[in-house]
């Protein structure tokens, strides 16, 4: 009997905790505590199937499902956006990363490709701010990595729940304001 009461209480409390939380959609939000900085820390990740044009040209294509993930978080107390893949996508000298939210104009991003050639990081504060501003209000994100050596990789993310993921991932690291275009009032 006591176990039933405890289970009922846990279910009731669990319902109270999650009922007030905003919907994060398919985002996986990992919450933790940074013992070095002495404050809460979190990351948010969204995965989708990716496609590499080079794969279909190979005589023996991979049988592994290709996945790309969008990861939001803090690194060295600054907001960063990571795009990680389970296959090679490029390197700093031979590749470019571009993205497009919904029907907005596409952008080439100043991204760094990490040594394993499967992860790109956007860490420029102004670019992160622009990216996050569009992410908060968009429904889809299309990302393309073009590489001389690894072909063209693309992935499309459905962004339902992005505001909750952004708020969780960047709760303790500042996001610099995105630069605004000058309006006519500045020109007078």
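Could you please find all residues in the range 133-157 being assigned to a helix (DSSP H, G or I) and within 15 Å of residue 45 (Cβ to Cβ)? Before the answer, list the steps.
First, the residues of the range 133-157 that are assigned to a helix (DSSP H, G or I): 133-137.
Listed by number, the list holds a single entry, 135.
So which of 82, 136, 93, 100 ends up being exposed (fewer than 15 other Cβ atoms within 10 Å of the Cβ) and closer than 25 Å to residue 167 by Cα? Break it down into steps so the answer makes sense when it comes.
Working: 82 fails: exposed (fewer than 15 other Cβ atoms within 10 Å of the Cβ); 93 fails: closer than 25 Å to residue 167 by Cα; 100 fails: exposed (fewer than 15 other Cβ atoms within 10 Å of the Cβ).
Within the list 82, 136, 93, 100, the selection yields 136.
Which count do you get for residues in the range 137-162 that are modelled with pLDDT under 95 and either more than 21 Å from residue 104 (Cβ to Cβ) or in contact with a helix residue (DSSP H, G or I) (Cβ under 9 Å, 6 or more places away or on another chain) (or both)?
8
Would you check if there is a residue in the range 158-169 being in contact (Cβ under 8 Å) with a residue 12 or more places away in the chain, farther than 19 Å from residue 40 by Cβ and surrounded by 22 or more Cβ atoms within 10 Å (Cβ to Cβ)?
Checked the range 158-169: at least one residue is in contact (Cβ under 8 Å) with a residue 12 or more places away in the chain, farther than 19 Å from residue 40 by Cβ and surrounded by 22 or more Cβ atoms within 10 Å (Cβ to Cβ).
The values are calculated or read from the model by the stated rules, or taken from the named source; none is laboratory data. Just so we're clear, the structure is a prediction, and the values are computed from it rather than from any experiment. Neighbour counts run over all protein chains shown; Cβ positions are idealised from the backbone, glycine included.
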